[in-house]
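For reference, the structure is listed below as structure tokens.
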Amino acid sequence: MKFGKKSAFVLIVAGITALSMAGCGGGSSADEKYPEYEDNQYMWIGGWDPPINTEADYKLAAEMGLTHMFIDGVMAKRGTPAFTEQLVNCEKAGLKAIVGMDTSLTNVEGVELDETDYSVYPAVDMINVWDEPYEIVFDEVAERVERLNEIYAGKDITLYINGDMMHKISNTQMDETLSYATKLYDEVLSKINGRKILSTDIYPLLQTSDGYAIGTQWLYDMSCYADVAKANDAEFHMFIQNYSDINGRQREITSKAEFLFQVYTDMCFGINGFSWFTYRKSFLNFGGGCVENDVSCKPTKYYQMAKEVNEEISKFDHVYLSFDWEGVMGVNGTVNTADDPEYINPSFNFNTELEELSCAKKVSATQDTLIGQFKDKDGRAGLMVTNFTDPVDQQKSVVSFEFKNANRAIVYRNGERKIYEVKNNKVDLKLAAGEGIFVIPVKV
């Protein structure tokens, strides 16, 4: 189920009559013109670990706002009627299926390539060729891609590979993130005919001996993947942490803000899609999951949180996706730099970082803030702005912009469009804990 979609056309319309004017300075004329973006694309939202194999369970997944479901052999054995029934249930629920080959890491199990043509099932959109391959098997993954290119030639099927979060060369060797992501694209993804998706999973919300923390490698890894995707005109997909693992230090999610924080942070790097890990509660010793693994149609407490996040993003995804990602920058909060002028957030360690924003002379924030810069086909700037403090700390932030040439700011907050007055090119925008906003400065 895709939330909030409607027919629209690319044109300039009188928008202020349908919108609230926010900020100081009063109202504006009803004939002010604001850009509109065609509602013909969407952020794809997946679920890892499929539900119990009934039509009702798949419809429950669609009602959460998923567009795709990763299908594997856990709930039904490959090659059986029950396995293909999952694909039929996807179709009935309006979900697209990503069919997994049940092959991962170095494939020590020796799983052979499944050469079944799954395009005969209308719900199938992608084939998950290999999950988290190490570099030593890139040649084998590429060979499977070449064979699947033959099987799906002329058919609307995308081949998908999810990169290894530890960017391993082998069981005993690790590579640097940029090197791994570059090799993954050059040696594997470049062989795919058609759409290419760089994907990986990073689960950054941690529990340490000192309390809750944010993994400081998160933004660096994101920037490496984003840079490689940009350089090759590829899509970028990320997994969202909806599980806890005391052995892996991933903490239990306590609020919707922690979900939003992850999604909006990843959107600062231009992601085109995200998936919940996990949708069904795992059979491994993990917490989390949106639905139970042993009772049909039984949501966990995370189901409603994830549904609300999906709905929020789906309200404005067509606008966000009308812009191309250009880069990212971190803004250190004045509450931190006032006490320590040398302060730099340890997470603000990027492969490449913007030195300035193309649309702004200055930007500052009271709390540490992440900003992704985008540009639409007409050269108009867009900014994804995220409060980069741990949501559990409940820290609000005020981000202050001095634009180069703007008297209004179109701001998508909670998925809804609002117009803010910009005086003398300046505007202050508040961000709650975990919140992100998409800002388009305009001159009207």
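In the chain, helical runs assigned H by DSSP with n ≥ 4 each contribute -39500 (n - 2.57); averaged across all residues and rounded to the nearest 500, the mean residue ellipticity at 222 nm is -7000 deg cm²/dmol. Once the Cα-Cα distance is subtracted from the 0.36 nm per residue extended length, the A231 to E109 segment shows a gain of 40.4 nm.
Residues in segment 278-316, backbone N under 12 Å from the label point at T80 (7 Å along the Cα-to-beta-carbon vector): list them, ranges by number please. Taking a point 7 Å out along Cα→Cβ of T80, no residue of segment 278-316 has its backbone N under 12 Å. Under the simplified labelling scheme, the E252-L354 pair shows an inter-label distance of 3.9 nm, with each label point 7 Å from Cα along Cα→Cβ. Only protein atoms count toward the accessible area here, which uses a 1.4 Å probe; on the chain, the carbon and sulfur part of that area reaches 48 percent. Taking the Cα centre of the chain as reference, the dipole from Cβ charges on Lys and Arg (+1) and Asp and Glu (-1) amounts to some 1780 debye. What the Cβ-Cβ distance of E143 and Q207 gives, at R0 = 30 Å and to the nearest 0.05, is a FRET efficiency of 0.15.
Considering only D57, D139, D39, the Gaussian network model of the chain with Cα springs below 10 Å gives its largest mean-square fluctuation to D139.
Accessible surface calculations at 1.4 Å, restricted to protein heavy atoms, place the chain at 41 Å² per residue. Sparse packing (at most 14 other Cβ atoms within 10 Å of the Cβ) combined with a DSSP loop state is found for the following GluC sites (Glu not before Pro) in segment 74-133: E109, E112, E115.
Taking the DSSP bridge list for the chain and keeping only pairs wholly inside it, about 60 percent are antiparallel.
Compared with the direct C-alpha span, the chain from K423 to N193 gains 77.8 nm at full extension, assuming 0.36 nm per residue.
Protection proxy ranking, highest mean first, for peptides 244-252, 434-442, 195-203, 391-399: 434-442, 195-203, 391-399, 244-252, where packing is the per-residue count of other beta-carbon atoms within 10 Å, averaged. If R0 is 35 Å, the Cβ-Cβ spacing of T337 and D378 corresponds to a FRET efficiency of close to 0.45.
The values are calculated or read from the model by the stated rules, or taken from the named source; none is laboratory data. None of the values given here were measured: they were computed from a predicted structure. All Cβ positions, even for glycine, are placed from backbone atoms using ideal geometry, and neighbour counts span all protein chains on display. Just the protein is used for accessible areas: all its heavy atoms, side chains included, with ligands, DNA and RNA removed. Shrake-Rupley method; radii C 1.70, N 1.55, O 1.52, S 1.80 Å.
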